[in-house]
Each structure stands twice: as C-alpha cells, then as structure tokens.
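Asker: Attaching a single structure in structure tokens format; questions to follow.
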Amino acid sequence: MKTRVAAKIVGRVQGVGFRPTVYRYATELGLGGFVCNEPEGVTLEVEGEEEHVAAFFQHLTSQPPKQAVIANIKTHTLPERGYRFFAVVESKPKGEGAVHIAPDLAVCDDCVRELLDPTDRRYEFPFINCTNCGPRFTIIRDLPYDRPLTSMAGFAMCGYCRAEYQDPADRRFHAQPDACPECGPQLELRIAGGVPTREDVLAKAGNLLRRGRLVAIKGLGGYHLVCDAFSQETVNRLRGRKHRPHK
C-alpha cells in the first residue's frame, strides 16, 4: 500500500549535507517527492510503499549527516499525489528563521587528498571545501542557507563546479561554498603603497614576516594579525599599533 508523508525538520539541518542525504535515502528506496530549505528548517515529502517510507524516516533519524542535529521532526500523512521521482527543489525564503547553522568545519580528509594531489584541479587551492567541510556560519547573510544568501553570491560557478553542485552523487552536491581556482576566491597580497599581486603570495608573505613586517591575513570572519614571534622588536611594534602593550 502506498502513502505520502510530509515532514518539517528543525535543528542543525542546513549546511551539513542534509538535503543530499535525504535525496540519497529517498532514491535508494524508490520514493518520489521533494526536499527544500526554509528559514525554519527543512521541509520534505516522500511518497511510495508504506514500508519504504517508514524505512526512509528510520534511516534519516538514525543515520543523519555527521554534522547534523535533528531537534524536532513533525510528520503528517497526505493524499497520494503520484510523484514519479524525487527532487531537491528551490528553497523557500518566506518564514521566520529558526534553523541552526553549522559552524565553520575543518577541512575533511577527502579535500586534503585533493589539495595535495598535483593532478587534481583543486591542487593547492586554499579555499577548497565540500558538503562535509568548509565555511558555514561565517559566510551566511540570511536564511535559508543557499548560495545567493552567502558571501559566495558574487562568485559564479564554472561549468565543472556547477556540474558537481547539481550532481546528487557528488559530495559537493549543493555545497554552497563550492569553488575552484577558475571561479572562486583568490589569494592576493597588498603592500602599502604598492600594486596588489596574486603571484607567489604565500612565499612573499613569508619573506615579509622574516624581515620583521606585520601582516594582516583576511580570513572568513575578519583579520588575523601575524608577525615573527621570535623578534621582540616586531612583537613590540604590533603591540604598540594595537595599543595592547601587555598582550
């Protein structure tokens, strides 16, 4: 016997690979329906054989994404609609925000392998990320958590990244910060009175530090001030500029 069940899920369910997991469970069980983000959480519908629908919710609650936290899930049965396939649909921007956004996540093992692989197109790309890692809370501007509402909105994905983003079988499926050297943010070095450069940025920054200069590294959530901690003169200069003589 077939059934159709709608669910509203709240908690840490955005930016943690929740929709790709929902999609995978639903398609593996042959269910139709959809899943989407809303300001208050995630909404989904699944339709199919009763035992398959029950198995879907059992999988979702017992084996959610690693970083997900389901605070509450409400379900109700609806008349059959005859869904023929399952889809990740466009998010709904209306509603009062109540979703818990995941913190920025440390780079995962898969991304580290790509980062260090000279044959990978993201080799040494400092902004590498996927659904399982990378920035979350720091880049969000509004809910629901979708790329147009993050600081990545100004970076149009290239064809390769767009294909990953749209492929449910890819670990970058709907990874909002998805980017690569062709389409993502770039390292740039700016020296007072000089012309900004993107060449050998890390090496040049390292040379500046060795020469006793102060460097401000712009990161996801602000600036990190660095200097040669073994040089008392340099440390004192940084303390003086920050008006923190004892820090």
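The values are calculated or read from the model by the stated rules, or taken from the named source; none is laboratory data. Bear in mind the structure is a predicted one, so any value in this text is a computation, not a measurement. A quick note on method: Cβ atoms are made from the backbone with ideal geometry, for glycine too, and the neighbour counts reach across all protein chains shown. Areas reflect the complete protein model, heavy atoms only, side chains present, ligands, DNA and RNA absent. Shrake-Rupley method; radii C 1.70, N 1.55, O 1.52, S 1.80 Å.
Asker: Taking C-beta distances below 4.7 angstrom as the pairing criterion, name the unpartnered cysteines of the chain, in sequence order.
Answerer: Unpaired cysteines in the chain: Cys36, Cys111, Cys130, Cys161, Cys180, Cys227.
Asker: Still on this model: Would you calculate the convex hull of the Cα atoms in the chain and tell me its volume per residue in Å³?
Answerer: Hull volume over Cα atoms, normalised by residue count, gives 170 Å³.
Asker: Taking the Cα centre as origin and putting +1 on Lys and Arg beta-carbons and -1 on Asp and Glu beta-carbons, what dipole magnitude results for segment 186-247, to the nearest 20 debye?
Answerer: Computed charge dipole of segment 186-247: roughly 320 debye.
Asker: If you place +1 on the Cβ of every Lys and Arg and -1 on the Cβ of every Asp and Glu, how big does the dipole about the Cα centre of segment 45-197 come out, in debye to the nearest 20?
Answerer: 480
Asker: May I pose another question? Provide Val112, Val16, Val195, Val69 ordered by accessible surface of protein heavy atoms (probe 1.4 Å), highest first.
Answerer: My answer, sorted largest first, is Val195, Val69, Val112, Val16.
Asker: In segment 154-228, with Lys and Arg counted as +1 and Asp and Glu as -1 at Cβ, which of these residues, Cys158, Leu208, Thr197, has the Cα nearest the positive end of the dipole, that is, farthest along it?
Answerer: So the residue furthest toward the plus end is Leu208.
Asker: Next up: Ratio of alpha-carbon Rg to the 2.2 N^0.38 Å globular estimate for segment 105-247, to two decimals, please.
Answerer: Expressed relative to 2.2 N^0.38 Å, the Cα Rg reads 1.25.
Asker: Within a Cβ distance under 12 Å of Gly48, other residues only, what is the Lys/Arg minus Asp/Glu net charge?
Answerer: Charge balance in the 12 Å sphere: -3.
Asker: Straight-line reach from Lys204: which aspartates and glutamates have a Cα under 17 Å away, not including same-chain ones fewer than 8 places off?
Answerer: Glu124, Glu188, Asp228
Asker: Please list, in chain and number order, the residues 5+ apart from Ala71 or on another chain whose amide H is under 5 Å from its amide H, with Hs placed from the backbone.
Answerer: Val10, Gly11, Arg12
Asker: Additional query: With every protein chain left in place, what is the accessible area of Asp167 in Å² (1.4 Å probe, nearest 10)?
Answerer: Accessible surface of Asp167 is approximately 60 Å².
Asker: If ligands, DNA and RNA are left out, what is the accessible area of Asp142 with a 1.4 Å probe, given in Å² to the nearest 10?
Answerer: Estimated to the nearest 10 Å², Asp142 gives 90 Å².
Asker: Put +1 on the Cβ of each Lys and Arg and -1 on the Cβ of each Asp and Glu in the chain; which of Phe86, Thr138, Leu29 then has its Cα farthest toward the positive end of the dipole?
Answerer: Going by the charge dipole, the pick is Thr138.
Asker: Quick check for me: using +1 on Lys/Arg Cβ and -1 on Asp/Glu Cβ, what's the dipole size of segment 16-67 about its Cα centre, in debye to the nearest 20?
Answerer: It comes to approximately 360 debye.
Asker: Right, something else. Quick one: check the C-alpha center-to-center distance for segment 140-181 versus segment 41-91, whole angstrom.
Answerer: Comparing the Cα centres of segment 140-181 and segment 41-91, I get a distance of 23 Å.
Asker: Specify the residue with the greatest mean-square fluctuation among Thr75, Thr234, Thr27, computed from a Gaussian network of the chain linking alpha-carbon atoms under 10 Å apart.
Answerer: Thr234
Asker: Could you report the accessible area of Met157 in Å², rounded to 10, computed with a 1.4 Å probe on the protein chains as they sit in the structure?
Answerer: Here the residue's solvent-accessible area equals roughly 30 Å².
Asker: Something else now. Cross-link partners among aspartates and glutamates for Lys2, C-alpha distance below 18 Å, same-chain residues fewer than 8 apart left out?
Answerer: Glu28, Glu45, Glu47, Glu49, Glu50, Glu51, Glu80
Asker: Could you work out the local net charge near Phe86, counting Lys and Arg as +1, Asp and Glu as -1, over the other residues with Cβ closer than 12 Å to its Cβ?
Answerer: Result for the neighbourhood of Phe86: 0.
Asker: So for Glu90, Glu51, Glu114, Glu233, what's the accessible-area order with a 1.4 Å probe, most first?
Answerer: The most accessible residue leads, giving Glu90, Glu233, Glu51, Glu114.
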